[in-house]
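> Can you read through this structure? Questions will come right after.
The values are calculated or read from the model by the stated rules, or taken from the named source; none is laboratory data. Please read all numbers here as calculations on a predicted model, not as lab measurements. With ideal geometry, Cβ positions are generated from the backbone for all residues, glycine too; neighbour counts draw on all protein chains shown. The area values use the complete protein model at the heavy-atom level, side chains included, leaving out ligands, DNA and RNA. Shrake-Rupley method; radii C 1.70, N 1.55, O 1.52, S 1.80 Å.
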Amino acid sequence: MNSLKPENKEIEIKLTLSSFTDYLKLIGFVGKADKKVRQLNIFYDTASGQISKLGYALRLRIESDRGIVTLKSTTIQKGKAAVRNEIEESITLETAKEVQQNSDLLSLQIAPILYLLSQSKGLHNLKPIVQFENERIKKEIDLHDSLYVFEIDKTEYSEGRIDYELEIELSDIDKIDDAESDLQKLFKVLEIEFIVQKKSKLERALEIAGHI
């Protein structure tokens, strides 16, 4: 069933920043952010885990000025990059907060929900399964004549755990090797260990909450 349209492919290199010190090193390197945003991420499923069994994850993200609903497929590792298909659509902040209060995501007439319902017509009674907050700093960086958008995350999970990481989204699978090389060179200069994060934030949140 896991067959979201290939043109909606997300290709990301996720690198763990294993300490607050490494996080500060990278923040210092990028300088003034192009954008800084606070995100509340809430994942939904049924009590029996129907969405997960279909191979998908359904997320409502709430930012200061909007909501975003995203349906993601299972991640496939391609070298150092995580590749998955996704369908995403923005909603108003008011609608996002209403959904947060009543968990009625399935009533929204938007692409990720319509696609999900087309894959499982008996889907109903969604509930939040896990949530976490993320502070994201975005900055466009030129590395060796290639432009990358750095997304530096400070993620606060339950039980007081905080993770730091860098995400780089790529437009094409063919760019993975060059991006990996550029990032390795940068991390060597900054004296940050190059560690690929192979678990999604959702997987880590579920582990911390004791659901895995």
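> State whether one or more residues within segment 134-156 are closer than 28 Å to residue 48 by Cα and touching a helix residue (DSSP H, G or I) at 6+ places or on another chain (Cβ under 8 Å). Spell out how you get there, then give the answer.
Residues of segment 134-156 that are closer than 28 Å to residue 48 by Cα, as a first pass: 134, 155-156.
Add one more test, that the residue is touching a helix residue (DSSP H, G or I) at 6+ places or on another chain (Cβ under 8 Å), and what stays is 134, 155.
Yes, there is a match, as at least one residue in segment 134-156 is closer than 28 Å to residue 48 by Cα and touching a helix residue (DSSP H, G or I) at 6+ places or on another chain (Cβ under 8 Å).
> Those residues that are more than 30 Å from residue 16 (Cα to Cα) and within 18 Å of the chain's Cα centre (by Cα), I need them from segment 79-95; list them, please.
Pass one, segment 79-95, residues more than 30 Å from residue 16 (Cα to Cα): 91-95.
Scanning segment 79-95 gives a single hit, 91.
> Further question: Which one is farthest from residue 84 (Cα to Cα), of the residues in segment 160-205 that are of a type in the set (Gly, Ala, Ser) and either modelled with pLDDT of 95 or more or not in a loop (DSSP other than H, G, I, E, B) (or both)?
Just the residues of segment 160-205 that are of a type in the set (Gly, Ala, Ser), to begin with: 160, 171, 179, 181, 200, 205.
Next, only the ones that are either modelled with pLDDT of 95 or more or not in a loop (DSSP other than H, G, I, E, B) (or both) stay: 160, 179, 181, 205.
On the way: 160: 29, 179: 18, 181: 22, 205: 19 Å.
So the residue we want is 160.
> Across segment 1-26, what is the total count of residues that are in a loop (DSSP other than H, G, I, E, B), at pLDDT 95 or above and either within 28 Å of residue 103 (Cα to Cα) or touching a strand residue (DSSP E or B) at 6+ places or on another chain (Cβ under 7 Å) (or both)? Spell out how you get there, then give the answer.
Applying the first criterion (in a loop (DSSP other than H, G, I, E, B)) to segment 1-26 yields 1-5, 18-19.
Within this subset, residues satisfying the condition of being at pLDDT 95 or above are 18-19.
Okay, now just the ones that are also either within 28 Å of residue 103 (Cα to Cα) or touching a strand residue (DSSP E or B) at 6+ places or on another chain (Cβ under 7 Å) (or both), so none.
Counting residues in segment 1-26 that are in a loop (DSSP other than H, G, I, E, B), at pLDDT 95 or above and either within 28 Å of residue 103 (Cα to Cα) or touching a strand residue (DSSP E or B) at 6+ places or on another chain (Cβ under 7 Å) (or both) gives 0.
> Go through the residues of segment 12-21 one by one and say whether even a single one is open to solvent by 40 Å² or more (accessible area, probe 1.4 Å) and in contact with a Ser or Thr (Cβ under 7 Å, 6 or more places away or on another chain).
no
> Let me spell it out: the conditions are (1) open to solvent by less than 40 Å² (accessible area, probe 1.4 Å); (2) within 30 Å of residue 17 (Cα to Cα), and residue 158 meets all of them except one. Which number is the exception?
Checking residue 158 against (1) open to solvent by less than 40 Å² (accessible area, probe 1.4 Å); (2) within 30 Å of residue 17 (Cα to Cα), the one that fails is (1).
> If you don't mind, another one. Quick check on my filter: what residues within segment 163-189 are surrounded by 13 or more Cβ atoms within 10 Å (Cβ to Cβ) and in contact with a helix residue (DSSP H, G or I) (Cβ under 9 Å, 6 or more places away or on another chain)?
If the condition is that a residue be surrounded by 13 or more Cβ atoms within 10 Å (Cβ to Cβ) and in contact with a helix residue (DSSP H, G or I) (Cβ under 9 Å, 6 or more places away or on another chain), then 163, 164, 165, 166, 168, 170, 186, 187 are the ones that fit.
> Let me ask something else. List every residue pair whose Cβ atoms sit under 6 Å apart, with the two residues 6 or more apart in sequence or on different chains, where the first one lies in segment 46-75 and is aromatic (Phe, Trp, Tyr) and the second, anywhere, is open to solvent by less than 10 Å² (accessible area, probe 1.4 Å).
Correct list of pairs: 56/71.
> Just the residues that are open to solvent by 50 Å² or more (accessible area, probe 1.4 Å) and within 15 Å of residue 42 (Cα to Cα), please, taken from segment 193-206.
203
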